[in-house]
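> Supplied in structure tokens, the structure appears directly below.
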Amino acid sequence: ADGWYQLYFTNPVITSQLSDPTGGIPDKIAAAFDGAQQTIDLAIYQFDLKVLSDALLRAKARGVRVRVVTDSDSLDMDGISALAKAGVPVVPDKREAIMHDKFAVIDGAAVWTGSMNYTFNDAYRNDNNVIAIQSTELAQNYAHEFEKLFVSKKFGPHSVVDTPHPHISLDWT
């Protein structure tokens, strides 16, 4: 799609009435993962959508560096466990508080974020949103936060506020 952003909303009025809904936002995210050429860094609270774990595994298979940060309570969920079993590095938060982030940084150029966990319920049964923003500066901000989580294992109040680009201008035209 053209432009610096794409904004998506779930439609539970329709999908919650289907016995086995598919498509929608998960397919958009999977397509973005399928287009990744170098890196996908994912911070996600809950994850059980096979369409997304499969897309991440395809990315890994073609040489994309895939890394994940999650909440310790989510380690046994299907999406996270499938990635860990396939050798994708997964870092849990190892704390009582919830690691509630939901973002992916793709190739240092795009950020996918919003209210939706990568779960069947969040994609098809609950009201949620996802925005994809094309901005290297924003991607650097999120990548910096991801590194604090993944490498330094600094979660919540243990994380220093040191955003590289605290003010970003996006092309609104």
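> Across the Cα atoms of the stretch 96-136, what radius of gyration and what greatest pairwise Cα-Cα distance (Dmax) are found, in Å?
Over the stretch 96-136's Cα set, Rg and Dmax evaluate to 11.8, 34 Å.
> Of the options 23, 68, 51, report the single residue whose Cα projects farthest towards the positive end of the charge dipole of the stretch 19-70 (beta-carbon charges: Lys, Arg +1; Asp, Glu -1).
68
> How many nm is it between the label spots at residue 62 and residue 78, if each spot is 7 Å from the Cα in line with the beta carbon?
Distance between the two pseudo-spin positions: 2.4 nm.
> Something else now. May I ask you to work out the translational diffusion coefficient for the chain at 10 °C, viscosity 1.306 mPa s, via Stokes-Einstein with Rh from the Kirkwood sum over Cα pairs, reported in whole µm²/s?
97
> While we're on this one: With springs only between Cα atoms under 10 Å apart, run a GNM on the chain and tell me which of 67, 58, 95 wobbles the most.
95
> If a/c stays under 1.5 just call it rounded; otherwise compare a/b with b/c (prolate if a/b is bigger, oblate if not). Do that for the stretch 54-151, with a ≥ b ≥ c from the square roots of the Cα gyration tensor eigenvalues.
It comes out rounded by the Cα gyration axes.
> Moving on to the next point. What's the long-distance tail for the stretch 122-161, i.e. % of Cα pairs beyond 14 Å?
When all Cα pairs of the stretch 122-161 are counted, 61 percent exceed 14 Å.
> Mind checking the per residue accessible area of the chain for me, 1.4 Å probe, whole number of Å²?
About 52 Å² of surface per residue is accessible.
> Using a 1.4 angstrom probe on heavy atoms only, work out the carbon and sulfur share of the accessible area of the chain in %.
Of the solvent-accessible surface of the chain, carbon and sulfur hold 52 percent.
> Where nothing but the Cβ of Lys and Arg (+1) and of Asp and Glu (-1) is charged, how large is the charge dipole of the chain around its Cα centre, in debye to the nearest 20?
Result for the chain is approximately 460 debye, rounded to the nearest 20.
> May I pose another question? Which residue, 141, 126, 117, has the most motion in a Gaussian network model of the chain that connects Cα atoms within less than 10 Å?
Its mean-square fluctuation being the largest, the pick is 126.
> With each label point set 7 Å from Cα along the Cα-Cβ vector, what nm distance links residue 22 and residue 129?
Here the modelled spin labels are 2.9 nm apart.
> Quick one: Cα centre-to-centre distance for the stretch 145-159 and the stretch 23-67, in angstrom?
21
> Please compare each pair in 28/85; 50/154; 28/153; 50/148; 50/102; 60/153 to a cut-off of 20 Å on the Cα-Cα distance and tell me which ones are over it.
28/85; 50/154; 28/153; 50/148; 60/153
> When the chain is modelled as a GNM with alpha-carbon springs shorter than 10 Å, which of 105, 68, 161 fluctuates the most?
Taking springs between Cα atoms under 10 Å, the residue moving most is 161.
> So what is the relative contact order of the stretch 23-167, in percent, for Cα pairs below 8 Å that sit 6 or more residues apart?
Once divided by the residue count of the stretch 23-167, the mean separation gives 24 percent.
> Counting only DSSP beta bridges with both residues in the stretch 1-151, tell me the antiparallel percent, nearest 5.
65
The values are calculated or read from the model by the stated rules, or taken from the named source; none is laboratory data. Because the structure is a prediction, the values reported are computed rather than measured. For neighbour counting, all protein chains shown are included, and Cβ atoms are generated from backbone atoms with ideal geometry for every residue, glycine included. Protein only, heavy atoms only, side chains kept; ligands, DNA and RNA dropped before computing areas. Shrake-Rupley method; radii C 1.70, N 1.55, O 1.52, S 1.80 Å.
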